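Working notes for the structure below.
The values are calculated or read from the model by the stated rules, or taken from the named source; none is laboratory data. Since this is a predicted model, take the numbers as computed values, not measurements. FYI the Cβ positions are ideal-geometry reconstructions off the backbone, even for glycines, and counts take in every protein chain you see. SASA here: full protein model, heavy atoms, side chains in, ligands and nucleic acids out. Shrake-Rupley method; radii C 1.70, N 1.55, O 1.52, S 1.80 Å.
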Amino acid sequence: CSLTMNGLFGAGRVAGGMGIVLAAPPPPPGRGPGAPSVMLLVNEVQNTFYFGGAASGGIAAASSLAGVGAYAIMGRDEEDLVTALATKRVHNSGFPDLTFYEQGLDGALVQDLTRRGHRLSPTPSMGLVNAVFCPAGVPHKKKPECSIHNDPRGFGLAYGAE
């Protein structure tokens, strides 16, 4: 389940006398993100959950979430969800043919993208992701070790209970 306001502060209006911020209408097909960005990794055969995340931040939300998920799941043993969330992000939606990258991205990666023909545009930050990652899966025979974190780029809240 995922919810969206279809933009920052939705329509920018509050329903009279109700205190409810109204969502903006969704963009036409092919423009902007088509759906909220949600990602789950579950092994249905073993009925085991590994990763769940949600993202916001416009057109780059989906690629930000995919990057965090891939980095957490396929990262090195010493890397974790915190590292995955802090990693600088890159996004190209295809139209316009422009590759956005977060300022502070490794210079060698920037040079490699340029060498491969990308037109680059730096940006302060992109996408906000909150996620939970359980490397051994849940349920687990022993006590599962899961990490739940919010994106350091924003002011979200992530909380878990034992």
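Scanning region 84-105 for residues that are surrounded by 10 or more Cβ atoms within 10 Å (Cβ to Cβ) and over 20 Å from the mean Cα position of the chain (by Cα) turns up just one, 97. Against the condition of a type in the set (A, V, I, L, M), modelled with pLDDT of 85 or more, farther than 15 Å from residue 128 by Cα and in a helix (DSSP H, G or I), how does residue 72 come out, does it pass? Considered against the rule, which asks whether it is of a type in the set (A, V, I, L, M), modelled with pLDDT of 85 or more, farther than 15 Å from residue 128 by Cα and in a helix (DSSP H, G or I), residue 72 comes out as yes. Picking from residues in region 116-150 that are assigned to a loop (DSSP other than H, G, I, E, B) and closer than 17 Å to residue 59 by Cα, the one that is most open to solvent (accessible area, probe 1.4 Å) is 124.
For region 34-55, taking the residues that are at pLDDT below 80 and either basic (Lys, Arg) or touching a strand residue (DSSP E or B) at 6+ places or on another chain (Cβ under 9 Å) (or both), the one that is nearest to residue 68 (Cα to Cα) is identified as 37. Of everything listed in (1) modelled with pLDDT of 80 or more; (2) under 14 Å from the mean Cα position of the chain (by Cα), the single unmet condition for residue 58 is (1). Can you spot a residue in region 78-89 that is of a type in the set (S, T, N, Q) and under 21 Å from residue 117 (Cβ atoms)? There is no residue in region 78-89 that is of a type in the set (S, T, N, Q) and under 21 Å from residue 117 (Cβ atoms). Return a yes/no flag: does region 61-80 have any residue that is surrounded by fewer than 13 Cβ atoms within 10 Å (Cβ to Cβ), in contact with a strand residue (DSSP E or B) (Cβ under 7 Å, 6 or more places away or on another chain) and not small (Gly, Ala, Ser). The answer is no, given that none of the residues of region 61-80 is surrounded by fewer than 13 Cβ atoms within 10 Å (Cβ to Cβ), in contact with a strand residue (DSSP E or B) (Cβ under 7 Å, 6 or more places away or on another chain) and not small (Gly, Ala, Ser).
Examine region 124-138 for a residue that is at positive phi, touching a residue at least 60 places away in the same chain (Cβ under 8 Å) and under 17 Å from the mean Cα position of the chain (by Cα), and state whether such a residue exists. For region 124-138, residues at positive phi, touching a residue at least 60 places away in the same chain (Cβ under 8 Å) and under 17 Å from the mean Cα position of the chain (by Cα): present.
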